Amino acid sequence: MNTNANELVKESLSIENDFSSTSHVLDTLVTEKEPPASIYTIPDRYNKDTLRVLLVNTKKYYVYWEVSDETLEKKDLDLNRDALHFKVYESNGTELFEFKSSFALGEYFVNLEFENIDIYVKAGVFEDEEFVEILDSNTVRTFSSKINLPDENDEVWVKKRFGWTEVLRSTMQNVTFGTSSAQYVEELKRLKHFTEVEEERFGSSSLCQGIKND
C-alpha cells in the first residue's frame, strides 16, 4: 500500500465515529468521481410524416398526425394561411367524415359510430377546389355491436334434446359445497329458462353449438 493510501485510511478511521456535518473522506472521494447525471429531453416533434387512426371505443376514433418541414416545403404549404384537410374513408372509397387543422402536428377525436367496417384517413390540401392527398393512414376494422351466434358448420358439443341435462350436469359439478337449497333452486330455474330460450331460437330440430352460459 502506498503512502497516500495509508494516509487516507488513517484519516478515515480518525473520524469514523464523528457524526458532525464533515463528510467521510472515502465518501467524498467516491462522490467526486461520480459522473454527472444525464438529462434527456423529449423532442416536441420528430419531423417525420405520420398519419395514424386508432380505435378508442364503438363511437370514438383517435387520429394523430405530423407533417414534416420537408413535405410542407415541397408542397409549398404555409400553415399560417393554409389548412390541412383530413378525410375519413370506408375501404370502398366512400367518404364518411371530414375535418381540418392548421397544425403540422396534432390530434383529433372523431365521435361517430362506424359499424363493423374498415376505415382509413387521408390528409391533404385543396388546390383549385380539388383535394390533393399528402398522407394516408393505416386501415382499422371498427367495432361491431352484433353477437355472432354459431352456425351449423361450427363444432357440435351438445345436442339440443340433451341440452338441459348436460348444462345442468356441467353447472352442478362446479357448485361450491355449502350452498343453500334456495340457491340451488334459483340456479335450476335460471338454467331451465336458458335452455327454453335457446330451444325457441334454434328450433326443435337444430343443434346447440358452442353457446356459453355467462
Where a residue in region 53-81 is surrounded by fewer than 13 Cβ atoms within 10 Å (Cβ to Cβ) and its partner, wherever it lies, is assigned to a helix (DSSP H, G or I), with Cβ under 9 Å and at least six apart = D78/L72
Among the residues of region 91-132 satisfying the criterion of being of a type in the set (D, E, K, R) and closer than 14 Å to W65 by Cα, which is surrounded by the most Cβ atoms within 10 Å (Cβ to Cβ)?
-> K122
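No lab work stands behind these numbers, since they all come straight from the coordinates. Model, not experiment: these values are computed from the prediction. Heads up, the Cβs are rebuilt from the backbone with ideal geometry, glycines too, and the neighbour counts pull from every protein chain shown.
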